[in-house]
Amino acid sequence: MVAETEFDSLSLTEQLVLLAVADAHRNDETPAQTHEVRRTCRDRLADLEGDVVGTVTEADVMRSLYRLEDEGIVEEKPVDDRSPTGKGRPRYALSEPPEEVYEGVSDRLL
């Protein structure tokens, strides 16, 4: 179970990325690739009033996913399909129940 203090230590951008992974889980679209997470972040930001986070770049998403993985909140899943160069895009899924994410993130992002 994720303690509320773990979410409090996350930046708003990291919480936004976490919400995007939770949304993918809720929509049965996990594991999610980074470009899918970024698109969900942009969609969520468009629905919010005011400038809560600003622009979220792919680099922001990657940094946030790495931090969330280090915290044990999301996990990288093995890539089944590989590109011709042998590199697959990483995919991420929640390690915790999505309800805890929705309850624990900042109300400014909901």
Which label belongs to the value computed from this structure, given these candidates for mean projected area of the Cα convex hull in nm²: (1) 12.0; (2) 7.5; (3) 6.8? (3)
Keeping all protein chains in place, calculate the accessible area per residue for the chain (probe 1.4 angstrom), answer in Å². 58
By how many nm would the segment from T55 to D8 grow when fully extended, if each residue of separation counts as 0.36 nm and the alpha-carbon distance is taken off? 14.8 nm
Taking the Cα-to-Cβ direction at Y66 and at D47 and moving 7 Å from each Cα, how far apart do the two end points lie in nm? 2.9
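The values are calculated or read from the model by the stated rules, or taken from the named source; none is laboratory data. Since this is a predicted model, take the numbers as computed values, not measurements. Methodologically, a virtual Cβ is constructed for each residue, glycine included, from the backbone with ideal geometry; neighbour enumeration extends over all protein chains shown. The accessibility values were calculated without ligands, DNA or RNA, using every heavy atom of the protein model including side chains. Shrake-Rupley method; radii C 1.70, N 1.55, O 1.52, S 1.80 Å.
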